[in-house]
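Trainee: Dumping the structure here so I can ask a few things about it.
The values are calculated or read from the model by the stated rules, or taken from the named source; none is laboratory data. Worth saying up front: this structure is predicted, and the values here are computed from it rather than measured. When we count neighbours, we look across all protein chains shown, and the Cβ atoms used for this are built from the backbone with ideal geometry, even at glycine. For the accessible areas, the whole protein counts, side chains as well, though only heavy atoms, and no ligand, DNA or RNA atoms are used. Shrake-Rupley method; radii C 1.70, N 1.55, O 1.52, S 1.80 Å.
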Amino acid sequence: MTEHIVVIGGGHAGCEAALAAARLGRRVTLFALNLDSIALMPCNPCIGGSAKGHLVREVDALGGQMGRAIDATFIQSRMLNTAKGPAVYSLRAQADKRQYMSYMKSALENEPNISLREGEVVEIILNGGCVTGVRIESGGIIPCDAVVVCTGTYLNARCLYGETINHTGPGGLRRAVGLSDSLKQLGFTLQRFKTGTPARIHRRSVDFSKMAIQNGDEKLVPFSFETDPARAARAQIPCHLTYTTPATHDIIRASLHRSAMYSGVIEATGTRYCPSIEDKIVRFADKERHPVFIEPEGLNTSEMYVQGMSSALPEDVQLDVYRSIPGLENCEIMRVAYAIEYDCIDATQLTLGLEAKHIRGLFFAGQINGSSGYEEAAAQGIVAGLNAAGANITIGRDDGYIGVLIDDLVTKGTKEPYRMMTSRAEYRLLLRQDNADLRLTPMGYTTGLIPMPRNDIFLQKAAAIEAEKTRLQNIIIPPDKANPLLAEKDSSPVKSGIRLAELVKRPELSYWDVVPLAQTPLNESSALPEYVQQAICEQVNIQIKYEGYIAMQLAQAENFRKTEQKLIPADIDYEKITGLRLEARQKLNALRPVNFGQASRVTGVSPADLSVLLVYIKSRESI
């Protein structure tokens, strides 16, 4: 059993990894280059968003910390995509940047099994292909049984804007310089990726009267399934919306040659789905304007985040660009925008549990694996931390967005910073954010992260949902009781008795419209907190209303599981398989998929290759 784990990095991946392992009873030492930067949000101080909100709720369902942290420190909360179906609803909250960091650092400090250390890890030490310790910059060696590498964007980082190059991590913080060479010596292929951040401006210099106000939701939906919305509710701070102008675009086009991104100074690959303003102007030349959101960084600071305007232009050009935007004509830049380059690994060298395939006890999580975003980092962090502690879990693509994220990274790899999107998930209707606990809390309880009191409430909730669905299915009401409601809702009348569940399925009606006709109230959940009872009603409404679609995806997911469960022998030699194309042999030998499902997602492996592989394995089994 792993006794001591070292976590390298105190970002969102490192925090979740350390807390998960420590709560399973392991001793954890977390190294951060600067303990004042624990859980730093170097880009937008927000949590969630499209698909990312799903990840946060899944982290919470497993017993992680991010959801509770943002519920305690948000200054604005909104549910996105509500004009669409529940599969793509995504929660997003603006955080008080400093409060969030303080909350997470406190959680680490108050965990008795965690020791926090400020310093740089420069080498990972092995013995017989297994991790035995790490060497720190002072030369000291810290013995350990497992390491989780969560270096974020700090590894060999440099920040660039215009002709200015600063060899630092984000925000001028110290970078990590020693570990890249150690990883290369251990056989890892390193890649060079880039991301960026916009300028921060002073609140007093913004004319909000020229912008559209963006308020938070009146009805609060927390990230954590443990958070009572009534207790978490508080006054929210508005954000504001403005747009770029033709003048903005002209200034940028005239200065592209001075941008670090277009002058040839930056060689790293940037993120496709969060482009700089220079990229937007070049790639979307037909667009007359682009949205710009002005978002507060906290309650006790005047810094405002200019979302949508990340840049690597020189400082003087940045000021001209920002001041060409309505409401920002007199803006004062407090921190300039910049691009940041950093080292990351090729994640195809990892297992689905985020452990190195060729080194026992070495795990990786977060942007070191080629992903982008706080939420993607936290999701990988909790899985890596659990597995470093010996939990031995994997999350499938049909189990959660976390499974999609990890499978994409380790099976397909990525040549650019990976961002989670709902379109990446095959079973979006099953993997909704509202049912993350129903999908993953049993796993969290089994591993030991979900305590028994929380699990007891979860079990009561799950049972109450099924009981209420059954009750509505069994209650049949006559036309004289159903038709007044149907007339009120402009829904077609009925001529004979109808089940209440069938009424819920009608687009014009909901569970809350129909349940009064049941005459008897929902009572299976009466002992549960009010917010849990509300969640039960919401689940009943969704599950009944989309029952047919859910059943179809469940059948698809079951077929998927059968493919996933067909294991590939670990000792298979693909070079010996006659009929397998050369590219397929090379890719399969390099990636070593554990099952046919994973093999089918390897780039360059065709259905014909899979058929040849299946015949070969069957013939081997018959010998």
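Trainee: So for MET304, MET421, what's the accessible-area order with a 1.4 Å probe, most first?
Mentor: Of MET304, MET421, the descending order of accessible area is MET421, MET304.
Trainee: So if we plug the beta-carbon distance of ARG204 and LEU241 into 1/(1 + (r/R0)^6) with R0 = 25 Å, what FRET efficiency do we get, rounded to 0.05?
Mentor: For ARG204 and LEU241, the calculated efficiency is 0.80.
Trainee: May I have the extent of the alpha carbons of the chain along their three principal axes, as whole Å values ordered from largest to smallest?
Mentor: Its Cα atoms span 78, 78, 51 Å along the three principal axes.
Trainee: In segment 1-88, which GluC sites (Glu not before Pro) fall in coil by DSSP and have 10 or fewer other Cβ atoms within 10 Å?
Mentor: When the GluC sites (Glu not before Pro) of segment 1-88 are filtered for loop state and at most 10 Cβ neighbours within 10 Å, nothing remains.
Trainee: While we're looking at this one, here's another question. Leaving out ligands and nucleic acids, and using a 1.4 Å probe, what accessible area per residue does the chain come to in Å²?
Mentor: Each residue of the chain exposes 41 Å² on average to a 1.4 Å probe.
Trainee: At 0.36 nm per residue, minus the direct Cα-Cα distance, what do THR578 and ASN455 gain on full extension? Give it in nm, one decimal, please.
Mentor: 39.2 nm
Trainee: Still on this structure, please answer the following. Would you mind computing, in nm to one decimal, how far apart the modelled labels at GLU288 and LEU517 are, each placed 7 Å from Cα along Cα→Cβ?
Mentor: My value for the distance between the label points is 4.9 nm.
Trainee: Oh, and also: How high is the FRET efficiency between ARG601 and ASN474 when r is their beta carbon distance and R₀ equals 45 Å, given to the nearest 0.05?
Mentor: The value I calculate is 0.60.
Trainee: For every other residue with a beta carbon closer than 11 angstrom to the beta carbon of ALA377, add +1 if it is Lys or Arg and -1 if Asp or Glu, then tell me the sum.
Mentor: Value of the local net charge: -2.
Trainee: How big, on average over all directions, is the shadow cast by the Cα convex hull of segment 565-605, in nm²?
Mentor: For segment 565-605, the mean projected area of the Cα convex hull comes to 2.6 nm².
Trainee: Next question. Rank HIS240, HIS54 by accessible area, highest first, at a 1.4 Å probe radius?
Mentor: The most accessible residue leads, giving HIS240, HIS54.
Trainee: Considering only protein heavy atoms and a probe of 1.4 Å, how much of the accessible area of the chain is carbon and sulfur, as a whole percent?
Mentor: Its accessible area is 51 percent carbon and sulfur atoms.
Trainee: Let me ask something additional. Beyond 22 Å between alpha-carbons counts as too far, so tell me which of LYS52/LYS412; LYS194/LYS280; LYS219/LYS481; LYS105/LYS184; LYS84/LYS219; LYS219/LYS469 fall in that bin.
Mentor: Cα-Cα > 22 Å for LYS219/LYS481; LYS105/LYS184; LYS219/LYS469; rest within.
Trainee: Follow-up. Which FRET efficiency, nearest 0.05, do SER619 and GLN556 yield, Cβ-Cβ r, R0 25 Å?
Mentor: 0.25
Trainee: Roughly how big is the chain's charge dipole about its Cα centre, with Cβ charges of +1 (Lys, Arg) and -1 (Asp, Glu), in debye to the nearest 20?
Mentor: Once rounded to the nearest 20, the dipole reads 820 debye.
Trainee: Pairs of alpha-carbon atoms within less than 8 angstrom and 6+ residues apart define the contacts here; what relative contact order does the chain have, in percent?
Mentor: Worked out over the chain, it gives 16 percent.
Trainee: So if I average 1/r over every pair of distinct C-alpha atoms in segment 238-286 and take the inverse, what Kirkwood radius in Å does that give?
Mentor: Answer for segment 238-286: a Kirkwood hydrodynamic radius of 12.2 Å.
Trainee: Shifting gears a bit: What is the distance in Å between the Cα centroid of segment 557-574 and that of segment 325-339?
Mentor: Between the Cα centre of segment 557-574 and that of segment 325-339, the gap is 53 Å.
Trainee: Shifting gears a bit: Can you give me the Kirkwood hydrodynamic radius for segment 390-521, using every pair of distinct Cα atoms, in Å to one decimal?
Mentor: One decimal place: 18.3 Å for the Kirkwood radius.
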